[in-house]
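Here is the structure we will look at.
The values are calculated or read from the model by the stated rules, or taken from the named source; none is laboratory data. Given the structure is predicted, the values throughout are model-derived calculations rather than measurements. With ideal geometry, Cβ positions are generated from the backbone for all residues, glycine too; neighbour counts draw on all protein chains shown. These area figures cover heavy atoms from the full protein model, side chains too; ligands, DNA and RNA do not enter into them. Shrake-Rupley method; radii C 1.70, N 1.55, O 1.52, S 1.80 Å.
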There are 2 protein chains.
Amino acid sequence: MAKINDNFIKLPESYLFSDISKKVNTYKTEHPEAKVIRMGIGDVTLPLTGEVIQSLHAATDEMAQAATFKGYGPEQGYRFLTETIVKEAYLPLGIQLDPEEIFISDGAKSDTGNFGDILSKENRIAVTDPVYPVYIDSNVMGYRAGELGSNGKWSNIVYLPCTPDNNFVPALPQEKIDVVYLCFPNNPTGTTLTRDQLKVWVDYAIKNDVLILFDAAYEAFITEKEVPHSIYEIENAKKVAVEFRSFSKTAGFTGTRCGYTVVPKELLLSCEEGDKKVSLNKLWNRRQCTKFNGTPYIIQKAAEATFSPKGKEEVKALIDYYMSNAKIIRESLENIGMKVFGGVNSPYIWMKTPEGFSSWEMFDKLLKEVNIVTTPGVGFGPSGEGFIRFSALGNREDTLEAMERIKHWNIKK
Amino acid sequence: MAKINDNFIKLPESYLFSDISKKVNTYKTEHPEAKVIRMGIGDVTLPLTGEVIQSLHAATDEMAQAATFKGYGPEQGYRFLTETIVKEAYLPLGIQLDPEEIFISDGAKSDTGNFGDILSKENRIAVTDPVYPVYIDSNVMGYRAGELGSNGKWSNIVYLPCTPDNNFVPALPQEKIDVVYLCFPNNPTGTTLTRDQLKVWVDYAIKNDVLILFDAAYEAFITEKEVPHSIYEIENAKKVAVEFRSFSKTAGFTGTRCGYTVVPKELLLSCEEGDKKVSLNKLWNRRQCTKFNGTPYIIQKAAEATFSPKGKEEVKALIDYYMSNAKIIRESLENIGMKVFGGVNSPYIWMKTPEGFSSWEMFDKLLKEVNIVTTPGVGFGPSGEGFIRFSALGNREDTLEAMERIKHWNIKK
């Protein structure tokens, strides 16, 4: 009798953003006149840039002629893109990579979600809390989470709180762990680690044979010099860390789909049985060759275009635009007496709810009283309770209007 | 200490098509003057059609304007595409589907590879033999294969031979199984099941609570009336079967990446523990929402274009072109006394090697003596030994030249 993977029924029925979407749709049905401004899900709003559009058209024309048509590409991605990433994304940071250490994909969500395929079910996983839900949910599916407790925590997952109490710098775990997900600049808090703070984690990982899964999807938003853009800026990190990156937020590719994962060749892990050490790079390559057939050629050409001199300027302009939104949101919320975090090296602003309001209560209040959609912090984990996430990835007009509404509104009542 | 999933090191080091590629590259380096014709990997050669190209350009232009820009789309795919598939791909076959039963993806390889995520590790898997390697390799990674024996078979996998002895119609398994992969028209043999033959499997699956994973990636190549295009043409198949489809071979999307999977809502499986029955549709939806972020908008628009009246004509012309190649290959091989199968409802021709030649020996001989690349049948499983696969997806000139070379060549020596 064919059976399912029971871990799937342990997962709460719905996904954070579906819940939000339902609440918003209900509200809009009941109040069709309301102009609801979405500052919830971290989706971008500016169109693709000129270089990217031009490249998509040119690559499409290539696909129209037999002589230049592209069929199956390498599962790992085209060399023109991996080499460009080595040269344009890493060399300027002083990081040397081999193009074979880079795997192009359809996005960081797929890669962070699928990476567990090559890891032992017995590994003990740690996450910072609050956290991007995919890290946890994919480990539930992958037999590593145990049971969901009434405190909102899975029994086998180690949670590392990131709150104002520790300046959002996760403490090293007390218990033994095997794998830790670190996302900096952080989704959802928008906070970062300095090079020195990240070095503590790399040193810890080397000493304790811990694998770091480093999500750098928001690195392009960094404005402060002491914040590393890549974990490989830290000495010896290649021995312990995989890095996930994405064109989604950087270049507006949320609907265009391209990301990449760096798996250094010197990163070795132990087998479940025996003393053999195995190259994670080879394993991920095998996984991708078996379960993935490459990112569309035209999309890879579009991603390449973001690294041309003009492409880089355009991307910078996108980022600057969103970071100006972030500044507007930060300052507006501070002006009405709110305590806010993030928004300096990331497009997310993490707001403490006024005393007495839970995340969802604040979400409802913002939706109903000023028609602004945010994301309730508790949706990202227990330590997110009492916070709300604002995204700065909207357009300027909406951002200004939302902040104008807030200015004249007594948020604390 | 972080550990790997040891199943990965059980897998033979390399992948069939990499091995072939290495042999071909070595030969070409040693014989730079040789004009090698590739009839191995099943990649298409004709460019994307006019409607598809036009649609890609138009969708790209939409991405260039804020008003029409698309960010994150539904993980399940856009409604415009799922509804079109319901109407254009299934209704003409007399099959009623709900658009929510269709999940758009980046291709059938990803879907067939990832589908195991939602299934119990304890399920016993059956495959036809020879077989598309992804079915087996992904189950090795997913803890369901056991150990690889010296006979080329995994200890926990049930192999159902498809050979001339049974007219390539797999017998129902003797032992208890839980899940069976059926791919018809078949890759690699090019053979098919009639409606009556497929009904035997559906009835068996219903009676024995077996899940059928039906790969219909080659349905567009069917020319004979008694061969079903979809497993849902068989009564009650929705209760037991998932169907995978792809635009890769149908519309030349091997480098453009789009496919879809049908998971009927009435398909229920048991839990590992307890008596509860669970909807597989919900589970696959959860899997995709967690580990996938949708297919690029512009690619989904391109896929939609293959269903317009003109798009359908263009696709038919592509298929006709390749099927004319198939006829040329079949007849040429028969003319030199070879026994061949397939090539009537599929772009693959499955040739019995002359007495005394193994698959790899024949592969080498074809490469070295007439500079034709094929795929050795044994690469698809033990029952593929003694066969060679020719692909008809090349261009006409190469196909004709290859067959001309074969005409004057004594293959049996």
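Quick notes on this structure:
- For the residues of B:59-65, the average number of beta carbons from a partner chain within 10 Å of their own beta carbon is 6.
- Inter-site label distance for residue A:36 and residue B:10 at 7 Å from Cα along Cβ, in nm: 4.9
- When only Cα pairs below 8 angstrom with a gap of at least 6 residues are kept, the stretch A:1-134 shows a relative contact order of 13 percent.
- Three-way shape call for the stretch B:242-396 based on the alpha-carbon gyration tensor, with the a/c threshold at 1.5: oblate
- Whole-percent carbon and sulfur share, accessible surface of the protein assembly as shown, 1.4 Å: 50
- Calculated from backbone phi, Karplus (6.51, -1.76, 1.60) coupling profile of the stretch B:123-136 in Hz, x at Gly/Pro: 4, 8, 9, 10, 9, 6, 10, x, 8, 4, x, 4, 4, 6
- Counting, for every residue in B:282-291, the Cβ atoms of other protein chains within 10 Å of its Cβ and taking the mean gives 6.
- Note on the stretch A:286-357 and the stretch A:152-167: Cα centroid distance 24 Å, given to the nearest whole angstrom.
- DSSP beta bridges in chain B [antiparallel fraction, %, rounded to 5]: 55
- Rounded, prolate or oblate (a/c below 1.5 giving rounded, otherwise prolate when a/b exceeds b/c) for chain B by Cα gyration tensor: oblate
- The stretch B:59-124: trypsin sites (Lys or Arg not before Pro) falling in loop per DSSP and having at most 15 other Cβ within 10 Å: B:121
- Rounded to the nearest 20, the Cβ-based charge dipole of the stretch B:53-308 about its Cα centre (Lys and Arg +1, Asp and Glu -1) stands at 340 debye.
- Remark: the stretch B:143-232 carries a charge dipole of roughly 60 debye about the Cα centre, counting +1 on each Lys and Arg Cβ and -1 on each Asp and Glu Cβ.
- The magnitude of the dipole of the protein assembly as shown, with charges of +1 and -1 set on the Cβ of Lys/Arg and Asp/Glu and taken from the Cα centre, is near 20 debye.
- Ascending list, in nanometres, of distances separating the residue A:122 label from those of the other copies (7 Å, Cα toward Cβ): 2.1
- Separation of the stretch B:213-251 and the stretch B:190-207, taken as the distance between their Cα centroids, equals 12 angstrom.
- The mean accessible area for residues of the stretch B:261-404, using a 1.4 Å probe and ignoring ligands and nucleic acids, is 34 Å² per residue.
- Across peptide B:116-122, the average count of Cβ atoms from other chains found within 10 Å of a residue's Cβ is 5.
- Dipole of the stretch B:53-308, positive end: most advanced residue of B:248, B:289, B:81 [Cβ charges, Cα centre]: B:289
- The Cα atoms of the stretch B:269-349 give a gyration tensor whose axes a ≥ b ≥ c have a/c of 1.5 or more with a/b no greater than b/c, which makes the shape oblate.
- Qualifying GluC sites (Glu not before Pro) in the stretch B:1-109, where qualification requires a DSSP coil assignment and no more than 15 other C-beta atoms within 10 Å, comprise B:13, B:33.
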